[in-house]
Amino acid sequence: MNESGSLNGTGVPLARMQASHGNSSLELSSQLPVFAINPWDVVLCISGTIIACENAIVVAIIFYTPTLRTPMFVLIGSLATADLLAGVGLILNFVFQYVIQSETISLITVGFLVASFTASVSSLLAITVDRYLSLYNALTYYSEKTVLCIHMMLVVTWGVSLCLGLLPVLGWNCLDDYSSCSIVRPLTKSNVTLLSVSFFLVFIIMLHLYIKICKIVCRHAHQIALQQHFLTASHYVATKKGVSTLAIIIGTFGASWLPFAIYCVVGDLDYPSVYTYATLLPATYNSMINPIIYAYRNQEIQRAMWVLFCGCFQSKVSFRSRSPSDV
């Protein structure tokens with residue numbers, strides 16, 4: 001992002017943009033030299049590098065481990081791929097912004113980032129649905145019907161993400177009408193409003209499903225305890241741990257994306273640029289946290305990492321196979 005709120009350069013000479021839009025929210029101040037690098041852009045680039053490295057490891061592990069082909073790991077792979085692309089997009093945005101300034105490059109980069117982050121959020125929703133199905137339909141979860149359902153969710157996830165990413169490239173942008181620009185130039189206000197409303201819908205669905213998952217987990221734990229004819233302290237500890245994990249998952253997701261989504265709706269191009277950066281940066285951190293929550297905590301992926309990084313070294317640690325319902 002440059003100081004004009006775009007996710008890339010626009011190709012318009014800086015002096016001319018300042019003369020015609022001197023009060024715009026994210027444009028470089030005339031007091032700064034033309035070659036000045038915005039520190040916020042540096043932070044975003046560093047974040048993108050970390051995100052790309054983290055998720056590249058997850059993608060490599062899932063791709064090169066034949067045993068990680070269950071629906072759960074396919075969805076985790078989809079999430080890691082989306083976050084990997086988002087990280088690469090942040091890096092490319094920085095490079096193209098300060099090396100090549102072009103309207104075409106700007107639109108392509110913005111579309112790439114929109115598609116990547118949309119796929120990331122949608123993959124999180126798909127993982128939530130998968131976890132719910134693994135508990136609600138536990139007896140029939142490992143069936144061809146579930147595999148078909150997962151594949152359909154993936155097609156919808158990436159199809160919708162691709163369509164939303166192509167919208168700015170196909171003409172839904174504010175390059176020809178500055179007054180219609182949003183806080184993220186060259187996206188229009190109506191475009192970011194659509195993206196924000198879509199996020200709110202996804203967040204509500206995820207929250208609803210996680211509440212149902214929490215109820216199922218508590219009910220199952222209570223039934224198991226009753227079958228043993230007494231409620232042990234471990235019962236309460238396990239239930240509390242499961243509920244806490246679910247709260248961390250949905251809380252992290254909401255804390256990362258809600259500020260930016262809300263600001264996209266209420267913010268205006270004339271607002272100070274720091275507001276946009278301050279809300280966007282936590283949103284990118286969600287892609288940094290995702291592999292930790294959904295991949296690196298999984299014991300089968302941990303075992304695959306031992307093999308990947310330690311070669312023929314055999315870990316003596318006992319790993320337990322986990323299901324999507326494990327929280």
| request: Can you work out which of the residues in the range 140-158 that are within 27 Å of residue 194 (Cβ to Cβ) and open to solvent by 30 Å² or more (accessible area, probe 1.4 Å) is farthest from the chain's Cα centre (by Cα)? | output: 149
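Out of the residues in the range 175-215 that are of a type in the set (Val, Ile, Thr) and assigned to a loop (DSSP other than H, G, I, E, B), which is surrounded by the most Cβ atoms within 10 Å (Cβ to Cβ)?
As a first pass, look at the range 175-215 and keep what is of a type in the set (Val, Ile, Thr): 183-184, 188, 192-193, 197, 202, 204-205, 211, 213.
Filter again for assigned to a loop (DSSP other than H, G, I, E, B), leaving 183-184.
Numbers: 183: 27, 184: 29.
Per the criteria, the residue is 184.
With the condition kept exactly as written, say whether any residue in the range 30-37 is modelled with pLDDT under 90, in contact with an Asp or Glu (Cβ under 8 Å, 6 or more places away or on another chain), among the hydroxyl-bearing types (Ser, Thr, Tyr) and in a loop (DSSP other than H, G, I, E, B).
If we filter the range 30-37 for residues that are modelled with pLDDT under 90, which is where we start, we get 30-37.
Applying the additional criterion that residues be in contact with an Asp or Glu (Cβ under 8 Å, 6 or more places away or on another chain) yields none.
Looking through the range 30-37, none of the residues is modelled with pLDDT under 90, in contact with an Asp or Glu (Cβ under 8 Å, 6 or more places away or on another chain), among the hydroxyl-bearing types (Ser, Thr, Tyr) and in a loop (DSSP other than H, G, I, E, B).
Going through 188, 193 one at a time, which residue ends up being over 17 Å from the mean Cα position of the chain (by Cα) and touching a residue at least 60 places away in the same chain (Cβ under 8 Å)? Can you show your working first?
Working: 188 fails: touching a residue at least 60 places away in the same chain (Cβ under 8 Å).
193 is the lone residue from the list that is over 17 Å from the mean Cα position of the chain (by Cα) and touching a residue at least 60 places away in the same chain (Cβ under 8 Å).
The values are calculated or read from the model by the stated rules, or taken from the named source; none is laboratory data. Just so it is clear, the model here is predicted, and its values are computed rather than measured. Positions of Cβ are backbone-derived with ideal geometry, glycine not excepted, and every protein chain shown enters the neighbour counts. Note: accessible area is taken over every heavy atom of the protein model, side chains too, but ligands, DNA and RNA are not part of it. Shrake-Rupley method; radii C 1.70, N 1.55, O 1.52, S 1.80 Å.
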